[in-house]
Amino acid sequence: MTEGQLDELVLAVEKRRSKTKALRVLETAWDVPKCGHCASLQVVKNGHSRGLQRYCCRACGKTFSANTGTPLAKLHSKERFFEQGECLAKGMTVRAAAATLGVSVSTAFRLRHRFLQAVQAHQPQHVSGLLEADETYFRQSQKGSRKMTRASRARGGKATPKGSARDLVPVLIGRVRGTHQVSDSVLTAMTAGQAEDALRPVVGPDTLLCTDGSGALRTAAARLGVTSKAIAVGYDGRVSEGVYHVQTVNNHHERFKTWVNRQLRGVSTKHLPNHLAWMRLWEWFKEGIKPEHFVVSGLGKQLINR
Ligand SMILES: [Zn+2]
């Protein structure tokens, strides 16, 4: 065998292996095969379709496979799923992912968001213990949008005239102390009503809410019937010591902002929820993050915040 033939063989084997791995991950995303149309468990094996086991539903009579009814259903080239998971696990930019996957930048962009879409809903519910909640702000951004509804701004420019919050998007983040649980929601305004809606599924009877004492969060906590503690800030701006602080959630804000602004060079407001979801996966698995976590989560199975 010549050197060239050997290279070709190795490449073919790698491609085949990646495909098998991707398909296996897709199928193990299920605990039990469930109909993607009507959620019935009364299903029987029914041949294969594009390398995936196909099933027939006894209840509705339709056929389906592991990705039916998920955000990943209409994506072609399932063998690339695993590679896409790798790009997300490594936190690659869209351009780097496009080069790795051998697809256009717009395809890489679409793939990224299809994979993250389901993870938006993978939030913690009725948490126990200290929940630090605090908001942070992002500038309104239409990055990547073809139709800008306002004139573009030079990078690094000031968002608005001083004192105006019109151009800022509040993101309310919650972190449960001593766990990897993170909740987040993109609001349109930091009002008590929006904070209440965002926190309702997160808090439970055993939640102790820690805030920086903002009126909106205090009102929200009272309406939800949750015990809350506001941290005391001294005249010198220093936060009082002790267990009631929002330092953990503020550190989370900082890490998220650094990643979004420095590495990704900003994201559009529309895609902010997907990036928050991405960050949540990282926070959960830390250095143990694997490509399959993104594939399985993308198929809608909640791995985090449980
Ligand atoms: Zn069915």
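Directionally averaged projected area (region 1-95, Cα convex hull): 8.3 nm². Here nothing in the chain passes the span test, since no DSSP H helix has an alpha carbon length of 24 Å or more along the helix axis and a Kyte-Doolittle mean of 1.6 or above.
For region 250-306, the C-alpha radius of gyration divided by 2.2 N^0.38 Å, with N the number of residues, is 1.17.
Return the FRET efficiency for the residue pair VAL10, ARG110: r is the Cβ-Cβ distance, R0 is 51 Å, and the value is rounded to the nearest 0.05. Once the sixth-power term is evaluated, E becomes 0.95. Using R₀ = 22 Å, calculate the FRET efficiency as 1/(1 + (r/R₀)^6) where r is the Cβ-Cβ separation of ASN251 and ARG306; round to 0.05. Calculated value: 0.45. Per residue, the chain exposes 55 Å² of accessible surface when a 1.4 Å probe is rolled over the protein heavy atoms with every protein chain present. What is the mean projected area of the alpha carbon convex hull for the chain, to one decimal in square nanometres? Computed as one quarter of the Cα hull surface, the answer is 21.4 nm². Treating each Cα of region 70-142 as one equal point scatterer and applying the Debye formula with no solvent, the log10 of I(q)/I(0) at q = 0.11, 0.14, 0.21 Å⁻¹ comes out as -0.41, -0.61, -0.95. The lysines whose alpha-carbon is closer than 16 Å to the alpha-carbon of LYS21, local same-chain residues fewer than 8 away aside, are LYS78, LYS290. What you get for region 1-145, charging only the Cβ of Lys and Arg (+1) and of Asp and Glu (-1), is a dipole of about 680 debye around the Cα centre. Our estimate of slack between ARG95 and HIS76, defined as 0.36 nm per intervening residue step minus the Cα-Cα distance, is 4.9 nm.
For a Förster distance of 30 Å, can you work out the FRET efficiency between the beta-carbons of MET1 and ARG24, rounded to the nearest 0.05? Efficiency at R0 = 30 Å is approximately 0.55.
Between GLY204 and VAL127, the built amide H atoms are under 5 Å apart, and every one of these is 5 or more places off in sequence or on another chain.
The values are calculated or read from the model by the stated rules, or taken from the named source; none is laboratory data. Worth saying up front: this structure is predicted, and the values here are computed from it rather than measured. Cβ sites come from the backbone with ideal geometry, for glycine too, and all protein chains shown count toward neighbours. With ligands, DNA and RNA removed, areas are computed over all heavy atoms of the protein, side chains included. Shrake-Rupley method; radii C 1.70, N 1.55, O 1.52, S 1.80 Å.
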